[in-house]
Structures are given as structure tokens and as C-alpha cells.
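*Asks:* Starting off with a structure, shown below.
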Amino acid sequence: MKAKVITAHGPAAEVFEMQQVADPVPTACDLIVKVLTTSINPLDCRIRNKASVPRNFPLTLGFDVCGIVVEMGRNVTGFEIGDRVIGSPTPFRNGANAEYVAIDHCSCTRAGTLADATAAAIPLVGITAYEALFDRLRVRSGDWVVIHAGAGGVGHLAIQLAKNAGCRIITTASRPESLAYCTDTLGVDHVLNYRETDVAGAVMDITQGQGVGWIMDNAGGECFSRSLDYVSPNGHICTILPVAVDERQGYQLLLKNITLSYQFMGAGDQNVVQPDNRQGQVLQKLVEMVECGQLRPHVSKIYDWHDLAQAHEEMERGHVVGKLVVRVTN
């Protein structure tokens, strides 16, 4: 089959190449999916630039998929050949920037009535947002929640999920398009321009000096560090990035009795024990929410997979609202 692979770590313009590679072989629990659409996530760019674990080249990225089931492992249940499905291939195997991809059926669900582009925009960011909010932070109706980078892939779905749960939301953005999207389309309670506003001061004013008990960090770096100034005592910060905590920040967490957790939807893929179908169930719920209008994934642009390098470059410029989708097969 054809795959758009990377041949080394490095700049997008230098490392992508179309190659003929071996067809994927299913494990007992795999679906083999003919790829219709996939999408770009920051994770793709991080792995392309420098992997956190050793990688063999050529390597196929792409950790979202909407496509057609063409083969199944012997232990697969609940699917049939010909089903149109969505899922998130594990980042520890070859991904969906190819004609076919192998994916554990526990990380899939049927795509229902969703358009191919919309379907491919959901899996990784949708599961990440859902697990961070409801499995890690355990937000409830009435909670004040800060969701950073609200116009991004994870952020824009997290805001909608939290609003559907009855939460009151503060988000951060900076570009005029992102600020307008969070305010006018997502209807966030408070949208803060982090380049022009003292976010900590604004959050404390909004919450009448109490701070917020739940923070979802989708940005890392200074955004994470400054969150420690306005998380309330006994609060909880969940980050989706590999943040580092120095001694001073450690004392901040300790003295306020703050819980710090990480959300990485691929964590179960490194375990020997076969994971349950929790992520497939989450995806099914997300599909149903999109079908009934409760959730609206935003696709800002659709690329042809021959232009994958350009899509990566756009993602790295940091100007994307919602998701960039890649069409592999018509």
C-alpha cells in the first residue's frame, strides 16, 4: 500500500515521503481500516520533531481515522466488514497517513451519519477532552472550570462538553479569530486574552477571590505555571502535556493541597493487560452528541494527503481554530 511516511525526525518540508510499504497485519483484536480521512494533532508534530520513545523509520503518523473496515482479527466483536468507523490509532504503531491502518477495535465505533471530515476531527481530541474532564477532573454542574487554549482541537470540544455538563467556563486565547470563536460560537462565560490580560487577576476577580477548583491545561509552559496562582485550595489541574514542576511550584501544589494529573489517551496502549472498550464507548457517545447537535467539531481546513507537510507547518504556526483534516481516499 501507499503511505505518507516520515524518514527521520526533522522539519516537515524535509522528512515526508510517499512510499510503498507493507500492508498492516491485524492482531487478534484489530480492525484493518481503509482510510478515508484522518487529521493533524500536535502529537503528530511532536513525534515528527523528536520522539519521546525510540522510533523505527519509515514511520507513518496520523492518530485519527474515519474509514471502512476491510478485515478483522479473530477476537473482534461488534463490527462487520464494510462498517464505516472512526477511531484513534495508537501512537506506538503506524498511523492513518496511509491507505490502510490497523487499529484496536476497542478504540473504535461506527461513524453513524457523520461526514467523513467531521468524523476524523473527533477521536483523539474528543477522547482526550472527555477523559480529562470526566475521568480525571470529574467536573459537575455548577463548577467553575478553566479550559486553556479554548479554540484549539482539544479545547473547543472540551468547552462544549463542559457546557453540556452545566459547568461555568473561563477560557484563554489571543488571536482575534480565536477570541471571537470562543465568545460568539462557543458561548464561553469569560474569554481572556492571555497576551493582554493578567489571567490570574481576572480569574480571581471572576470568582470573587476564591480561584477555580478545576483547570484543564492544554498549553503547558507558562500557562501551566501561572495556573498555580489561581487554582483554589484542594483543587485539581489536569494537563495534556509533559510539564515539569520545580521545587517552588512543588511547594505551591503542596501548600494548597492541589492534585496534579496527566491525560494521555495512549497510556493504556503500553500496558500488557488488554484494555477494556472505554474509549470506544466514549467515541460512541461523542458521535451521538454530534448527531443530535450537542457537539459541533470545527474543521477549519481539509488537506489532500499529498500536502501533509503543509498541514504540519500550518499546525506548528499555532493559528488553527479547531481541526485540520486530511483526505486520503475519496
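The values are calculated or read from the model by the stated rules, or taken from the named source; none is laboratory data. Because the structure is predicted, anything quoted here is derived from the model rather than measured. Quick reminder, even Gly has a Cβ in these numbers, built from the backbone with ideal geometry, and neighbours come from all protein chains shown. Surface accessibility is based on the protein's heavy atoms, side chains included, excluding ligands, DNA and RNA. Shrake-Rupley method; radii C 1.70, N 1.55, O 1.52, S 1.80 Å.
Conditions tested, residue by residue: (1) in contact with a Pro (Cβ under 8 Å, 6 or more places away or on another chain); (2) modelled with pLDDT under 95; (3) surrounded by 24 or more Cβ atoms within 10 Å (Cβ to Cβ).
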site	(1), (2), (3)
Ala102	yes, no, no
Ala117	no, no, no
Ala129	no, no, yes
Ser141	no, no, no
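*Asks:* Need the failing condition index for Ile258 against (1) under 24 Å from the mean Cα position of the chain (by Cα); (2) touching a residue at least 24 places away in the same chain (Cβ under 8 Å), just the number.
*Replies:* (1)
*Asks:* Checking the conditions here, which among Leu308, Leu295 is farther than 20 Å from Gln160 by Cα, touching a residue at least 60 places away in the same chain (Cβ under 8 Å) and not polar (S, T, N, Q)?
*Replies:* Answer to the selection: Leu308.
For (1) out of contact with any Lys or Arg (no Cβ under 7 Å at 6 or more places or on another chain); (2) at positive phi; (3) assigned to a loop (DSSP other than H, G, I, E, B); (4) open to solvent by less than 10 Å² (accessible area, probe 1.4 Å), each residue gets a yes or a no:
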| position | (1), (2), (3), (4) |
| --- | --- |
| Lys4 | yes, no, no, no |
| His9 | no, no, yes, no |
| Ala13 | yes, no, no, no |
| Asp23 | yes, no, yes, no |
| Ile32 | yes, no, no, yes |
| Thr37 | no, no, no, yes |
| Leu43 | yes, no, no, no |
| Pro54 | yes, no, yes, no |
| Val85 | no, no, no, yes |
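*Asks:* Okay, next question. Condition first: of a type in the set (S, T, N, Q), modelled with pLDDT of 95 or more and surrounded by fewer than 20 Cβ atoms within 10 Å (Cβ to Cβ). Now tell me which residues in the range 233-263 satisfy that.
*Replies:* Asn234, Asn257, Thr259, Ser261
*Asks:* Let me ask you something else. Is it true that Val53 is out of contact with any Cys (no Cβ under 8 Å at 6 or more places or on another chain), without any contact (Cβ under 8 Å) to a residue 60 or more places away in the chain and not basic (Lys, Arg)?
*Replies:* Taking the combined requirement at face value, the residue satisfies it.
*Asks:* Another one. With respect to Val191, determine if the residue is touching a strand residue (DSSP E or B) at 6+ places or on another chain (Cβ under 8 Å), outside any strand (DSSP E or B) and in contact (Cβ under 8 Å) with a residue 40 or more places away in the chain.
*Replies:* no
*Asks:* Mind listing just one residue for me: the one in the range 195-232 that is hydroxyl-bearing (Ser, Thr, Tyr) and out of contact with any His (no Cβ under 8 Å at 6 or more places or on another chain) and, of those, most open to solvent (accessible area, probe 1.4 Å)?
*Replies:* Thr197
*Asks:* Condition test on Glu177, is it out of contact with any Phe, Trp or Tyr (no Cβ under 6 Å at 6 or more places or on another chain), at pLDDT below 95 and surrounded by fewer than 24 Cβ atoms within 10 Å (Cβ to Cβ)?
*Replies:* Values: out of contact with any Phe, Trp or Tyr (no Cβ under 6 Å at 6 or more places or on another chain): yes; at pLDDT below 95: no; surrounded by fewer than 24 Cβ atoms within 10 Å (Cβ to Cβ): yes.
Criteria not met by Glu177.
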